[in-house]
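Take a look at the structure below.
The values are calculated or read from the model by the stated rules, or taken from the named source; none is laboratory data. It should be emphasised that the depicted structure is a prediction, and the values quoted were computed from it without experimental measurement. Every residue, glycine among them, receives a Cβ derived from its backbone with ideal geometry; neighbour counts consider all protein chains shown.
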Amino acid sequence: MIRANLVGALGAIVLSSACLFMPASARADGDDTALTNLIALVSQRLALAEPVARYKWAHQQPITDTPREQALLADVEKRSARAGVDPAFARAFFQDQIDASKDVQNALFDTWRATRPPEGAPPDLATSLRPQLDKLTQSLIASLARVQTLRTQDDCPTRVARGIDNWKSLTRYDNTRNAALTRALGHVCESGGVGATG
């Protein structure tokens, strides 16, 4: 069931990938193409939480890896500065990605402990999953550059919430991941949070 939902979501990401490199930006005029692309990338990164969790479960590794997380955040700050993205914004955004992924992984571990462990060999973390995560990091930094103008808009939280709803409708998103997706987008807006305002 989880794999079927992930396949559906990733299929929709492929359909929208043609837009990922458009020079569009999220503007006050309501053009949310860049925001939709960001949500697609965040969703794709979250989809990798399941195979990462399977690897950690199979190799009895903890979900939290503080040294690696801190190294990623330091690298993100440097790369975002070169890309014209506010490093503090990028760091907060990627901290949200880490936390949301760990939320999914912890939920999966709880399920596997209560029911039965996952079957089959997981993909290799070093040779398969981390290269995918690294590519997504670069794409996400580029995507953050295109949504910077949206961040200060009064209606930013509303537009992010609407973008999430549209994405879930488009992809038949796994509703068990709603909280993680919302958390992953919690610092897109300068005011913080996702949802209707005023």
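When you look at Leu108, is it of a type in the set (A, V, I, L, M, F, W, C), touching a helix residue (DSSP H, G or I) at 6+ places or on another chain (Cβ under 9 Å) and closer than 17 Å to Ala184 by Cα, yes or no?
Against the criterion (of a type in the set (A, V, I, L, M, F, W, C), touching a helix residue (DSSP H, G or I) at 6+ places or on another chain (Cβ under 9 Å) and closer than 17 Å to Ala184 by Cα), Leu108 does not qualify.
Say we look at the stretch 106-124 and pick out the residues that are at pLDDT 95 or above and among the aliphatic types (A, V, I, L, M); which of these is farthest from Arg177 (Cα to Cα)?
Ala114
Here are Ser191, Ser169, Ser128: which of them is in a loop (DSSP other than H, G, I, E, B), farther than 14 Å from Ala34 by Cα and of a type in the set (Ser, Thr, Tyr)?
Testing whether each residue is in a loop (DSSP other than H, G, I, E, B), farther than 14 Å from Ala34 by Cα and of a type in the set (Ser, Thr, Tyr) leaves just Ser191.
In this structure, does Glu77 turn out to be of a type in the set (Asp, Glu), on the phi < 0 side of the Ramachandran plot and not in a helix (DSSP H, G or I)?
no
Condition check ((1) of a type outside the set (Ser, Thr, Tyr); (2) at pLDDT below 95; (3) assigned to a helix (DSSP H, G or I)) across all residues:
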{"position": "Ser17", "(1), (2), (3)": "no, yes, yes"}
{"position": "Phe21", "(1), (2), (3)": "yes, yes, no"}
{"position": "Val52", "(1), (2), (3)": "yes, no, yes"}
{"position": "Ala81", "(1), (2), (3)": "yes, no, yes"}
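What's the total number of residues in the stretch 143-161 that are in contact (Cβ under 8 Å) with a residue 60 or more places away in the chain and in a helix (DSSP H, G or I)?
Count: 7.
Here's the yes/no breakdown for (1) free of Cβ contacts under 8 Å to residues at least 12 places away in the same chain; (2) in contact with a Phe, Trp or Tyr (Cβ under 7 Å, 6 or more places away or on another chain); (3) not acidic (Asp, Glu):
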{"site": "Leu38", "(1), (2), (3)": "no, no, yes"}
{"site": "Val42", "(1), (2), (3)": "no, no, yes"}
{"site": "Ala58", "(1), (2), (3)": "no, no, yes"}
{"site": "Pro62", "(1), (2), (3)": "yes, no, yes"}
{"site": "Pro67", "(1), (2), (3)": "yes, no, yes"}
{"site": "Ala81", "(1), (2), (3)": "yes, no, yes"}
{"site": "Pro87", "(1), (2), (3)": "yes, no, yes"}
{"site": "Asn106", "(1), (2), (3)": "no, no, yes"}
{"site": "Asp110", "(1), (2), (3)": "yes, no, no"}
